[in-house]
Amino acid sequence: MAKTSDEQSYLTEADGLVFLIEEVPRKLRRVFDASTAKFGLTRTQWRALAYIFRTPGLTQTELAKCLELERASVGHVIDQLEKADYVERRAVEGNRRVWTLHLRPKAIGILPALRAEADVVYERLLAGISANDIATFKRLLASMSANL
């Protein structure tokens with residue numbers, strides 16, 4: 001059965017582009033999930049460790065903003081990382097409700113292997129793409145982001 005002109009025009013070239021833009025992060029998340037599972041971590045736990053490494057003493061609320069998750073969800077992630085001896089909470093002097101987050105030696109020891117695993121994923125993602133194309137793509141994504 002042939003498609004009518006209304007059916008043919010329903011999906012536009014812009015739809016195709018946006019679908020492709022959405023497909024890449026979905027696939028990247030799936031590949032990262034498999035990579036972090038090798039270490040007994042979730043992708044969110046890996047990201048939490050990376051943010052805490054970058055900013056020691058981050059609060060749970062600040063980490064929630066970085067991860068774009070609710071505070072309670074991040075609390076669960078930190079509970080798991082604390083139980084695995086990757087992270088510790090430290091009370092803030094003078095404020096019993098605020099805790100800062102710090103990496104434990106076990107986490108610091110695993111970070112180089114996690115970094116290497118991420119680099120393998122990134123190499124796979126960017127294989128066959130020139131530095132000029134990457135620079136152009138970054139500029140285009142920045143423009144799209146600014147447009148929103």
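Think of the chain as having a plus end and a minus end, set by charges on the Cβ of Lys, Arg, Asp and Glu; of ALA118, GLY94, ASN147, GLY94 sits farthest toward the positive end of this dipole. The label point for VAL92 and the one for PHE19, both projected 7 Å from the Cα toward the Cβ, are 4.7 nm apart.
If packing is taken as the average number of other Cβ atoms within 10 Å across a peptide's residues, how do 15-27, 110-122 rank, most packed first? Walk me through the intermediate numbers first.
Values: 15-27: 10.2, 110-122: 13.2.
Ranking the peptides 15-27, 110-122 by packing returns 110-122, 15-27.
Percent of accessible area on the chain owned by carbon and sulfur, 1.4 Å probe? All intermediate terms of the calculation are to be shown ahead of the outcome.
Working: 6120 of 10790 Å².
Carbon with sulfur: 57 percent of the solvent-accessible area.
Here the Karplus relation 6.51 cos²θ - 1.76 cosθ + 1.60, evaluated at θ = phi - 60°, turns the backbone of the stretch 52-60 into coupling constants of 5, 4, 5, 9, x, x, 4, 8, 4 Hz, with x for every Gly and Pro. Any idea what diffusion coefficient the stretch 64-104 gets from Stokes-Einstein, in µm²/s, Kirkwood Rh on alpha carbon pairs, 4 °C, 1.567 mPa s? Diffusion coefficient, whole number: 120 µm²/s. Cα axis of helix 131-147 to longest principal axis of the chain: angle in degrees, 0 to 90, nearest 10? For helix 131-147, the angle is close to 90 degrees. With respect to the chain, whose longest principal axis is taken over its alpha-carbon atoms, helix 105-126 is tilted by about 10°.
Hey, can you find the accessible area per residue of the stretch 40-104 for me, probe 1.4 Å, expressed in square angstrom?
Working: 4020 Å² over 65 residues.
For the stretch 40-104, the solvent-accessible area averages 62 Å² per residue.
Give the Rg/Rh ratio for the stretch 11-76, taking Rg as the radius of gyration of the Cα atoms and Rh as the Kirkwood radius, to two decimals. If you can, show how the numbers build up before the last one.
Working: Rg = 15.3 Å, Rh = 13.7 Å.
Rg/Rh for the stretch 11-76 comes to 1.12.
Is the shape of the stretch 73-148 rounded, prolate or oblate, going by the alpha carbon gyration tensor and its root eigenvalues a ≥ b ≥ c, with a/c under 1.5 for rounded and a/b larger than b/c for prolate? It is oblate, given that a/c is not under 1.5 and a/b is not larger than b/c. Rounded to the nearest 20, the size of the Cβ-charge dipole of the stretch 37-145 about its Cα centre is 140 debye, with Lys and Arg at +1 and Asp and Glu at -1. Our analysis of the chain gives Rg over Rh at 1.11, with the two radii drawn from alpha carbon positions and Rh computed by the Kirkwood formula.
Taking K and R as +1 and D and E as -1, what net charge do the other residues with C-beta under 11 Å from the C-beta of PHE53 add up to? Before the final figure, lay out the partial values.
Details: positive: ARG47, ARG54, ARG115; negative: none.
Charge balance in the 11 Å sphere: +3.
The values are calculated or read from the model by the stated rules, or taken from the named source; none is laboratory data. Because the structure is predicted, anything quoted here is derived from the model rather than measured. Quick reminder, even Gly has a Cβ in these numbers, built from the backbone with ideal geometry, and neighbours come from all protein chains shown. All accessible areas refer to the heavy atoms of the entire protein, side chains included, with ligands and DNA or RNA removed. Shrake-Rupley method; radii C 1.70, N 1.55, O 1.52, S 1.80 Å.
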